[in-house]
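Here's the structure we're looking at; comments come further down.
The values are calculated or read from the model by the stated rules, or taken from the named source; none is laboratory data. Source: prediction; values computed, not measured. With ideal geometry, Cβ positions are generated from the backbone for all residues, glycine too; neighbour counts draw on all protein chains shown.
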Amino acid sequence: MELSLKDKIALVTGGSHGIGREIAFALADEGCRVAVCARNKDRLTSVADSISLRGHEVLAIPADAQQPQDVERVVREVASAWGAIHILVNNVGGGGRWGQPTIEETKEDVWVAVYNKNAMAAVRFTRLVVPYMRRQKWGRVVTIASIHGREGGGRPWFMMAKSAEISLMKSLSMTAGLAGDGITFNTVSPGRIMIPDTGWEAERNKDPIAFDRMLRETLPQGRMGKPEEVAAVVTFLCSEKAGLVNGANIAVDGGEGRTF
């Protein structure tokens with residue numbers, strides 16, 4: 001399928017690892033010029049080198065999405081280098097394992113930090129790229145949330161932050177001035193995804209046999225998802241073919257979630 005993404009300029013936040021990394025690769029392979037930002041310079045360099053070896057243009061910008069001045073700098077550098085921003089993927093986030101098991105034990109600063117890392121990072125990047133999209137009468141904003149933001153589950157501070165991301169995309173999708181300018185806003189909500197060097201990998205390494213049994217017993221497909229499977233859905237949403245998909249929240253979870 002021809003996605004008509006050649007020469008589009010894409011910014012992927014949290015693009016040095018896991019889902020963000022695979023989204024950057026997928027968009028680059030479709031012909032986008034891709035900018036990635038993240039805090040880890042070594043991982044950023046590795047992603048940029050891999051994209052360059054594929055023969056694509058890439059811009060790697062070390063930044064902390066929790067710092068407004070860093071967000072402003074990232075957007076400014078991308079626009080300065082390439083003159084436009086067509087696609088924003090709000091992937092940066094996390095904190096699902098932060099805090100303590102109960103609300104009484106978890107301090108307020110955990111709630112604030114998780115919200116800032118997820119929802120507010122998406123707000124900051126989105127509000128800064130929208131003016132570029134308005135001028136060119138075309139844009140795609142895709143935010144990576146979680147099935148816990150769709151239906152509950154997980155620690156409440158994480159669920160609240162992810163629900164806010166979903167609400168942000170839906171609200172913006174219904175804004176006539178934005179939709180009329182050819183900009184779409186969608187959410188992708190992954191289920192359990194196996195990403196190297198994360199808590200899930202650590203759990204598997206503790207007892208691989210018990211871990212595999214748990215997957216077979218709790219997941220319809222008996223396996224966790226791959227970052228590439230999330231990236232494929234995101235790439236389609238960024239394309240010309242998905243022009244009428246606006247305000248959607250798409251679960252990529254192998255049937256794990258319980259909502260329609």
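What to note about this one:
- Exactly one residue out of R33, R73 is crowded, with 18+ Cβ neighbours inside 10 Å and charged (D, E, K, R): that is R33.
- Of the helices (runs of 4 or more DSSP H) entirely within segment 152-213, none holds at least 3 residues that are touching an Asp or Glu at 6+ places or on another chain (Cβ under 6 Å) and in the same structural domain as L237 (by TED's automatic domain parsing).
- For segment 193-207, the criterion of being closer than 18 Å to N118 by Cβ and aliphatic (A, V, I, L, M) is met by at least one residue.
- Of residues in segment 44-55 being crowded, with 19+ Cβ neighbours inside 10 Å and touching a helix residue (DSSP H, G or I) at 6+ places or on another chain (Cβ under 8 Å), the one nearest to S239 (Cα to Cα): I51
- Candidate set from segment 76-117 (those that are among the β-branched types (V, I, T) and under 20 Å from the mean Cα position of the chain (by Cα)); member that is surrounded by the fewest Cβ atoms within 10 Å (Cβ to Cβ): V112
- Whichever residue in segment 227-247 is assigned to a loop (DSSP other than H, G, I, E, B) and touching a Lys or Arg at 6+ places or on another chain (Cβ under 9 Å) and, among such residues, is farthest from M174 (Cα to Cα): S239
- Residues of segment 1-25 classified as aliphatic (A, V, I, L, M) and either closer than 19 Å to G243 by Cβ or surrounded by fewer than 24 Cβ atoms within 10 Å (Cβ to Cβ) (or both), total: 5
- Taken together, the residues in segment 201-260 that are over 23 Å from S16 (Cα atoms), without any contact (Cβ under 8 Å) to a residue 40 or more places away in the chain and under 17 Å from the mean Cα position of the chain (by Cα) amount to 0.
- Residues that are part of a loop (DSSP other than H, G, I, E, B) and either in contact (Cβ under 8 Å) with a residue 40 or more places away in the chain or not assigned by TED's automatic domain parsing to the domain that holds M160 (or both), drawn from segment 95-115: G95, G96, R97, W98, G99, I103, T106
- Of the residues making up segment 248-260, those that are in a loop (DSSP other than H, G, I, E, B) and in contact with a Gly (Cβ under 8 Å, 6 or more places away or on another chain) are D253, G254, E256, G257.
- Residue that is modelled with the highest pLDDT [pool: residues in segment 96-128 that are farther than 12 Å from E165 by Cβ and among the hydroxyl-bearing types (S, T, Y)]: T106
- Checked against (1) surrounded by fewer than 24 Cβ atoms within 10 Å (Cβ to Cβ); (2) modelled with pLDDT of 95 or more; (3) out of contact with any strand residue (DSSP E or B) (no Cβ under 7 Å at 6 or more places or on another chain), A161 passes all but condition (1).
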